Structures are given as structure tokens and as C-alpha cells.
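For reference, the structure discussed in these notes is given below.
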Amino acid sequence: MSDESVRLNRYLAMCGAGARRKVEEYITAGRVKINGVTVNEPGRQVSPNDRVELDGAAVAPVEQRYLIFHKPKGVLCAVEDSRERTVIDILPPEMDRFRLFPVGRLDRDSEGLIILTNDGIFSQELIHPRNGFTKTYEVELRKPLDEERLIRWSRGVQAEEHFLKPISVRRLARAPLQCWFEVVLGEGIKREIRLMARALDNDVRRLFRRKIGKLVLKELAVGEFISVERDVLWDYIKNGKTV
């Protein structure tokens, strides 16, 4: 940390406590103290000599890390869970000190490309709709999808209380035929592709995230990761890279 003061929400993000929205929830819930006094304002300034605590434990900025990770199926995209294994659990133990967290969502039964970091500001920039980074998925449906339903899907479907419309959807020439599709999403909601499939009287057999922006997962083995610098990762996402 530099000699200058920083906003409390930024400070907690630098400590690996989570993305900005998450740390602001901690602050407004009264879980954060500065020099022993509970603080509820995310914009409160933190000086280099201040002691900051989250849930009673002192926190301090950590080295920022950025991992490109191939998430296996059957693993939660979460920091911790009392019942199931998470993406953090399958990292090497030496990664524990960095307090990494996944950027965005990829549900338990899905697999493919995710980013792990402890940089809350980077996380917020990556997922914010204003930056327009799309996510590309390869989806196998349980039943063949005819042309009429494919057109309906491309135009958007009503699923529960949401109207869901992909940026694009197209068939893939992969067996079983008429079951594989490439789906591109923007901001997205939780389990969006699965909800769309059910609205089309179908279901998802396999869901694989292939791309975040222009970063493409192709060669990295399941459960493996590579560590890159922040600027390098941004370049991969914005300008393209296959890993």
C-alpha cells in the first residue's frame, strides 16, 4: 500500500476480501472496523497506519494474483462451502495466502473457463455491463432442437420472471447432431442457459464455457491453471489469446 489514503471499499478489495459490491455489503452490515470503531461508509478513507478488521480479524493488502483456470464439472464456483468442494479447494495450498475468489459465476454442473483473482477492482471491471465483455458457451441439449425452436431461442424466451435473450446462438456440427450449440451471453443471470433450455421444453446435458471476451480455453487441462500479470490478462481478454 502507498503512503496515500484510499477508500475503505477499495482497501478491502486490495486485501482480497472480495469484489467491490461484496465488500460494500460487509461495510454496510457493520462487519468492518477501523482502529476498533465500526465503520458503515464505503467511502471512508483508510490511512497507511490504520488497523482495519473484517469480522474481528485484521486485514492488509496482499500481492495481487490473476489465474486463468479450467473449472471441472462438480466443483462449486465459490470461496468456501461446508458441504462441497470449491474451486479454491482444488488449488495448491500455497495459494491460500492470496485469498483468491472466482470472478462471476459458473454453476456446479458446468465446466470451462473462469478467472480467479484477489483484485476486487479488476473483478468489478471485468463483470460490469458497461465494458461489454461477452461469454461464449458450448452447450449440449438432451434432445434435438428443431429449427422453429432455435429461431425462438435466438429471439428470446420467457423463463420464470425473466425474458432471456442470448446475444447469439448457432448450431455446432458435432454429434449428437441438432443437440450442440454455441451460445454467446452478455451480462447474464444465474443459470441463464439452463433456464432458456427449459423454456424450450429441453434441458442441458453439458455446458462448457469456451471464452471470456476474446480469451479462449482450448489447451489447458481440466483442473489446471496458469498465472498471469494483470495487464497481460486484460490484453488476452480484449485482443485474444488461446490457452
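The values are calculated or read from the model by the stated rules, or taken from the named source; none is laboratory data. Predicted, not measured: the structure shown is a model, and the values here were computed from it. Here the Cβ positions follow ideal geometry from the backbone for every residue, glycine too, while neighbour counts run over all protein chains shown. Protein only, heavy atoms only, side chains kept; ligands, DNA and RNA dropped before computing areas. Shrake-Rupley method; radii C 1.70, N 1.55, O 1.52, S 1.80 Å.
Criterion first (touching a strand residue (DSSP E or B) at 6+ places or on another chain (Cβ under 8 Å) and over 30 Å from K218 (Cβ atoms)) does R21 satisfy it? Step through it out loud before you land on a result.
Numbers: touching a strand residue (DSSP E or B) at 6+ places or on another chain (Cβ under 8 Å): no; over 30 Å from K218 (Cβ atoms): yes.
Criteria not met by R21.
D119 falls short of the stated requirement of being at pLDDT 85 or above, open to solvent by 40 Å² or more (accessible area, probe 1.4 Å) and not polar (S, T, N, Q). Counting residues in region 206-222 that are open to solvent by 50 Å² or more (accessible area, probe 1.4 Å) and over 23 Å from the mean Cα position of the chain (by Cα) gives zero. If the requirement is being among the acidic types (D, E), outside any strand (DSSP E or B) and within 30 Å of L106 (Cβ to Cβ), which of these qualifies: E63, E41, E4? Answer to the selection: E63.
Among the residues of region 42-56, the ones that are within 26 Å of the chain's Cα centre (by Cα) and either more than 21 Å from R99 (Cα to Cα) or of a type in the set (A, V, I, L, M, F, W, C) (or both) come to 2 in all. Residues that are closer than 30 Å to V232 by Cα and hydroxyl-bearing (S, T, Y) were ranked within region 126-185; the one that is surrounded by the fewest Cβ atoms within 10 Å (Cβ to Cβ) is S168. Does region 89-108 hold any residues that are open to solvent by less than 60 Å² (accessible area, probe 1.4 Å), within 22 Å of R206 (Cβ to Cβ), of a type outside the set (A, V, I, L, M) and not in a strand (DSSP E or B), and which are they? Result: G104, D107. Please find, within region 34-62, the residue that is most open to solvent (accessible area, probe 1.4 Å) out of those that are in contact with an Asp or Glu (Cβ under 8 Å, 6 or more places away or on another chain) and modelled with pLDDT under 95. My answer is P48. If you filter region 79-88 down to residues that are modelled with pLDDT of 90 or more and not basic (K, R), you find that the one that is surrounded by the most Cβ atoms within 10 Å (Cβ to Cβ) is V87.
Considering R65, R31, R7, which residue is open to solvent by 30 Å² or more (accessible area, probe 1.4 Å) and touching a residue at least 40 places away in the same chain (Cβ under 8 Å)? Exactly one residue qualifies, and that residue is R65.
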